[in-house]
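Since the structure comes first, as structure tokens, the remarks are kept for the end.
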């Protein structure tokens, strides 16, 4: 297995804002017989804009990036578009997760060969993986694509298992595992950070970054954010404040960021988990920073009662961007 000095993305590289963008869709992308549904012009424009507006890294093809609903050709062409648009100015972390190890490795090799720096790697989820199978999966991908740093995609609802401290202790032994897209802070977060023992950067969502950094100021030096696709300036500003030691200003901005989420989440979080993709894309479209387009089937069916909250969240984020610009 490759050692850490040969990796394109290491633990030391994971600092600042790791933003996640959607896969912009053509107007007919919500039709079950649509083909070639990636809006490559918008994808390249949006990726370049996010980098120019201050992101430290760009991650693609997670949940609302619709990795599960792109054809393999669409996935490859979109990944290539983003890598070329970013042009090595910041790391690009591709999302190769599929329902099996072999296809995931093939996608990871493709990402490596076109110049991606790392992979945001979930787990096959048709059946729940055991502890042993989970660790073996990450080892297998790391061994076959040793050049790429791995950002573990920790999403229990999507991948059917929860990565408890014993998982993180084992994953930290894999040199390619540099970071985790942890999600929101939960009751186990501090124990998981301790188990990773300073070898995995456990990135929280930007609205929880202030708290994570308060607990672990020497380790919590990065966050992930989907909200950057609504306009990255609030999160870039938060980075500058938090890492610059302006604690009270960072606290105040965190409160304003959190407020934009209030209309976004349905009362029952299980409803949000069912409709994450469409609600995220609706929020982004309403914010107006990029055009995410419609949601690809079968996740395009969303109750109307949830839609206005997502739009309002996007509008509130856009106003926050305007206030920071002002």
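Bear in mind that the values in this text are calculations on the coordinates, not laboratory data. Computed from a predicted model, the values in this text were never measured in an experiment. Cβ atoms come from the backbone with ideal geometry, glycine included; neighbour counts cover every protein chain shown.
How large is the translational diffusion coefficient of region 1-157 in µm² per second when you combine the Kirkwood radius over alpha carbon pairs with Stokes-Einstein at 4 °C and 1.567 mPa s?
Rounded, D is 81 µm²/s.
Quick one: which of 297-305, 257-265, 113-121 comes out on top by average Cβ neighbours within 10 Å, and what's the full order, highest first?
Packing order, densest peptide first, comes out as 113-121, 257-265, 297-305.
Per-residue counts of other Cβ atoms within 10 Å, averaged by peptide: what ranking do you get for 219-228, 267-276, highest first?
219-228, 267-276
Picking from 29, 43, 292, which is most flexible by a Gaussian network model of the chain using Cα springs under 10 Å?
29
How large is the helix-only mean residue ellipticity at 222 nm for the chain, computed as the sum of -39500 (n - 2.57) over DSSP H runs with n ≥ 4, divided by its residue count, in deg cm²/dmol to the nearest 500?
Computed mean residue ellipticity for the chain: -14500 deg cm²/dmol.
Translational diffusion coefficient, Stokes-Einstein: compute it for region 73-137 using the Kirkwood radius over C-alpha pairs as Rh, at 10 °C and 1.306 mPa s, and state it as an integer in µm² s⁻¹.
Calculated translational D: 126 µm²/s.
Please sort 56-67, 140-151 by packing, taking for each peptide the average over its residues of neighbouring beta carbons within 10 angstrom, highest first.
56-67, 140-151
Can you give me the distance in nm between label points at residue 255 and residue 140, each placed 7 Å from the Cα along the Cα-to-Cβ direction?
Here the modelled spin labels are 5.0 nm apart.
Give me the distance between the Cα centres of region 245-288 and region 1-67, rounded to whole Å.
19 Å
How big, on average over all directions, is the shadow cast by the Cα convex hull of region 181-326, in nm²?
Seen from a random direction, the Cα hull of region 181-326 projects 9.3 nm² on average.
Just the number, please: percent antiparallel of the DSSP beta bridges in region 4-231, rounded to the nearest 5.
Antiparallel bridges: around 5 percent, rounded to the nearest 5.
Can you compute log10 of I(q)/I(0) for the chain with the Debye formula, treating each Cα as one identical point scatterer, at q = 0.10 Å⁻¹?
Calculated log10 I(q)/I(0) at the listed q: -0.52.
Can you bin region 255-299 into rounded, prolate or oblate? Criterion: square roots of the alpha carbon gyration tensor eigenvalues sorted a ≥ b ≥ c, rounded for a/c under 1.5, prolate for a/b above b/c, oblate for the rest.
Oblate.
Sticking to Cα atoms, compute the Rg of region 115-254 to one decimal and its Dmax as the biggest Cα-Cα distance, whole number, in Å.
Cα radius of gyration and Dmax of region 115-254 are 15.5, 46 Å respectively.
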